[in-house]
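Undergrad: This structure is in structure tokens; I'll ask about it shortly.
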Amino acid sequence: MTSISIIGSGKMGAAIAEVAARAGSNIQIIKRSAASASAARPGFEYGVMGDDLTGDLVVLAVPYSAYPSILELYRDQIGERVVIDISNPIDFSTYDALKSPPDSSTAAELARQLPEGAAVVKAFNVNLGDTLVSGTNGTTTTTVLFAGDYADAKEAVRELIEAAGMRAVDAGPLTRARELEAMGFLQIIMAALGKTRYESGFTLLP
């Protein structure tokens with residue numbers, strides 16, 4: 001059985017917790033503080049920043065701007081695990097650009113800051129939270145695109161996605177994270193403008 005630690009208790013963290021619950025995983029949710037809002041749910045283990053991580057998979061469900069503080073606390077711990085980066089580093093002051101370097105991605109930058117050999121996988125950033133909770137995107141099964149450089153890490157992510165009843169598609173090496181972030185950026189902007197619905201969004205047909 002997969003175990004997963006989700007750092008962050010916001011909407012995407014809660015959505016991925018639902019995914020992990022459907023997959024039958026052991027789930028730990030790390031909140032910013034004991035007072036942070038989140039729905040207490042039986043079967044979930046809750047902790048606060050600084051508590052030891054218990055999951056084999058670690059999801060960073062926090063804004064990219066929070067990554068430095070997360071790394072201060074958990075660099076060594078997450079360097080020994082599969083780290084899932086779900087971020088879309090949008091400049092929300094303008095809705096007109098990504099904050100990640102033009103020739104890189106948040107996932108690649110994260111990998112550079114972790115111990116050598118750390119397995120970073122980009123995943124879930126092209127999915128809106130509602131489609132993860134429901135497992136459907138409009139009238140189709142939700143597809144989760146992912147990218148990474150380590151086969152074992154990607155297989156662990158694939159197994160989580162498929163065990164939750166969704167479709168998993170390997171987009172290639174971690175260098176593809178840049179394109180995934182561009183897709184996530186476009187999807188969020190389209191939803192914010194009312195061009196698509198938060199309950200649907202982009203999908204990849206079989």
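Where a number appears in this text, it was derived from the coordinates with a stated rule and is not lab data. Bear in mind that the values here come from a model prediction, so they are computed numbers and not experimental data. Using ideal geometry, Cβ is built from the backbone for each residue, glycine included, and neighbour counts are taken over all protein chains shown.
Undergrad: Within the group Ile70, Ile86, which residue is buried (at least 21 other Cβ atoms within 10 Å of the Cβ) and either in contact with a Gly (Cβ under 8 Å, 6 or more places away or on another chain) or closer than 23 Å to Asp51 by Cα (or both)?
TA: Exactly one residue qualifies, and that residue is Ile86.
Undergrad: Give me a count of the residues in region 47-72 that are touching a residue at least 24 places away in the same chain (Cβ under 8 Å) and under 15 Å from Ala14 (Cα atoms).
TA: 6
Undergrad: Taking the stated definitions as given, is Thr143 hydroxyl-bearing (Ser, Thr, Tyr), crowded, with 19+ Cβ neighbours inside 10 Å and closer than 19 Å to Ala21 by Cβ? Spell out the reasoning first.
TA: On the way: hydroxyl-bearing (Ser, Thr, Tyr): yes; crowded, with 19+ Cβ neighbours inside 10 Å: yes; closer than 19 Å to Ala21 by Cβ: no.
So Thr143 does not fit the description; no.
Undergrad: Shifting gears a bit: Across region 109-126, which residue is nearest to Ile188 (Cα to Cα) among those that are outside any loop (DSSP other than H, G, I, E, B) and aliphatic (A, V, I, L, M)?
TA: If we filter region 109-126 for residues that are outside any loop (DSSP other than H, G, I, E, B), which is where we start, we get 109-113, 119-123.
Keeping just the survivors that are aliphatic (A, V, I, L, M) gives 110-111, 119-121, 123.
On the way: Leu110: 22, Ala111: 24, Ala119: 27, Val120: 23, Val121: 21, Ala123: 15 Å.
The qualifying residue nearest to Ile188 (Cα to Cα) is Ala123.
Undergrad: Another question, then. Looking only at residues that are in contact (Cβ under 8 Å) with a residue 60 or more places away in the chain and surrounded by fewer than 16 Cβ atoms within 10 Å (Cβ to Cβ) in region 176-194, which one is farthest from Asp103 (Cα to Cα)?
TA: At the first step, the residues of region 176-194 found to be in contact (Cβ under 8 Å) with a residue 60 or more places away in the chain are 177-178, 180-182, 184-185, 187-189, 191-192.
Filter once more, keeping what is surrounded by fewer than 16 Cβ atoms within 10 Å (Cβ to Cβ): 182, 189, 192.
On the way: Ala182: 12, Ile189: 21, Ala192: 26 Å.
Filtering first and then ranking leaves Ala192.
Undergrad: Here's a follow-up. Within the set of pairs 6+ apart or on separate chains, which have a first residue in region 107-127 that is free of Cβ contacts under 8 Å to residues at least 12 places away in the same chain, a second that is of a type in the set (A, V, I, L, M, F, W, C), and C-beta atoms under 7 Å apart?
TA: none
Undergrad: So in region 159-175, with the set limited to residues that are touching a residue at least 40 places away in the same chain (Cβ under 8 Å) and in a loop (DSSP other than H, G, I, E, B), which one is farthest from the chain's Cα centre (by Cα)?
TA: Among them, the one singled out is Gly165.
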